[in-house]
Amino acid sequence: MSIIAVGSMAFDAIETPFGKVDRIIGGAATYFAYAASNFVTPIRAVSVVGNDFPEAEMAELKRRGVAVDGIEVVKDQKSFFWSGRYHLDMNTRDTLVTDLNVMGNFNPVIPDSYQGSEFLMLGNTLPSLQSSVIRQLKKRPKLIVLDTMNFWIETALPDLKETLSMVDVLMVNDSEARQLTGEYSIVKAAKKILQMGPSYLIVKKGEHGALLFHDNHVFFAPALPLEDVFDPTGAGDTFAGGFLGHLARTRDVSFENMKTAIIMGSAMASFCVEKFGPERLKEVTLQDIETRVQQFVELVQFDIDLV
């Protein structure tokens, strides 16, 4: 099974209450690829980078089974750069710098070698670009997952609604779900979103876990309480990598299997936040993942006697 992953590959500068890095690899496609490659290959990346993107990073992605045919290298420009500062609660942050650079003219093109991929992850980009990717595919994937953000809800809502009608799974956080629907209740918001096209909705709640909605069914997965959280950047994209990586490995897109996939995504995200950037993801072994998933199982397992 193969996954096409469309999104940014970038440099980040990050400041949290626990440390600071001035320049580290980031981007949605990068985090997704590092997480998903633990479960299935190839991960077929579609992105754009500048002449400053490290050759060593590209080589490491290739080594992990990431196809790079769809990554455009623009020789006379720099890669996308983002800088942010996190508050003490680590859930809120201030964006300090956003330099689009090569991302300003990003026009994703699906190579012929990527055609026939069974899964598609549309990272957080302009909704019209997300829909253009879907239209380029000669055969509809088994599952299409979409990520978006408040900026596109504010500035490109008609295009976003069109794209929503073309996908199977939407991933947003709770404030974005409310913004998209005008409903404060997450349950009411979920019902409205599912009427827009997706069959499944995942509401990410950071340190408070994630919710999965489908028809009249709801599943909640907690986040693992961690002693050390250094950097939440990329945790959502890492979650998506674990989620879709598990679905691709098992070839099962049922609601029941998505419950397990949510746990896999949460486990991968819990690794991501333990170091700056994707550094922790580069170290994780399959044994580490199995141990972390077991911790999730123990977190929610309980016995009850009603008599």
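The values are calculated or read from the model by the stated rules, or taken from the named source; none is laboratory data. This structure is a prediction, so every number in the text was calculated from the model and none was measured. Backbone-built Cβ (ideal geometry, glycine too); neighbour counts: all protein chains shown.
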Taking the stretch 199-219 only, how many residues are within 16 Å of residue 244 (Cβ to Cβ) and among the hydrophobic types (A, V, I, L, M, F, W, C)?
-> 4
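Do you know which residues across the stretch 252-294 are assigned to a loop (DSSP other than H, G, I, E, B), farther than 20 Å from residue 208 by Cα and not aromatic (Phe, Trp, Tyr)?
Hits for the stretch 252-294 are 252, 253, 254, 277, 278, 284, 285.
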Report, by residue number, each residue of the stretch 1-27 that is under 16 Å from residue 99 (Cα atoms) and touching a Gly at 6+ places or on another chain (Cβ under 8 Å).
-> 7, 8, 9, 10, 11, 12, 13, 14, 24, 25, 26, 27
Out of (1) farther than 17 Å from residue 238 by Cβ; (2) within 15 Å of the chain's Cα centre (by Cα); (3) not β-branched (Val, Ile, Thr), what's the single condition that is false for residue 58?
-> (2)
Might you let me know whether the stretch 119-127 holds any residue that is touching a Gly at 6+ places or on another chain (Cβ under 8 Å), surrounded by 14 or more Cβ atoms within 10 Å (Cβ to Cβ) and on the phi > 0 side of the Ramachandran plot?
-> no
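Would you confirm whether any residue within the stretch 83-90 is within 20 Å of residue 282 (Cβ to Cβ), touching a helix residue (DSSP H, G or I) at 6+ places or on another chain (Cβ under 9 Å) and touching a residue at least 12 places away in the same chain (Cβ under 8 Å)?
no
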Could you tell me whether any residue of the stretch 113-125 is among the charged types (D, E, K, R) and closer than 22 Å to residue 23 by Cα?
-> no
Positions within the stretch 146-164 being of a type in the set (Ser, Thr, Tyr) and over 20 Å from residue 29 (Cβ atoms), in sequence order | 155
Elements of type strands (runs of 3 or more DSSP E) in the stretch 1-106, at least 1 residues being at pLDDT below 95 and surrounded by fewer than 23 Cβ atoms within 10 Å (Cβ to Cβ) = 10-16, 19-26, 80-86, 93-99
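Could you say which residue among 279, 274 is in contact with a helix residue (DSSP H, G or I) (Cβ under 7 Å, 6 or more places away or on another chain) and either farther than 17 Å from residue 221 by Cα or of a type in the set (Phe, Trp, Tyr) (or both)?
Of 279, 274, the one residue that is in contact with a helix residue (DSSP H, G or I) (Cβ under 7 Å, 6 or more places away or on another chain) and either farther than 17 Å from residue 221 by Cα or of a type in the set (Phe, Trp, Tyr) (or both) is 274.
Go through 248, 240, 267 for me and flag whichever is out of contact with any helix residue (DSSP H, G or I) (no Cβ under 7 Å at 6 or more places or on another chain), within 21 Å of residue 5 (Cα to Cα), of a type in the set (A, V, I, L, M) and surrounded by 20 or more Cβ atoms within 10 Å (Cβ to Cβ).
248
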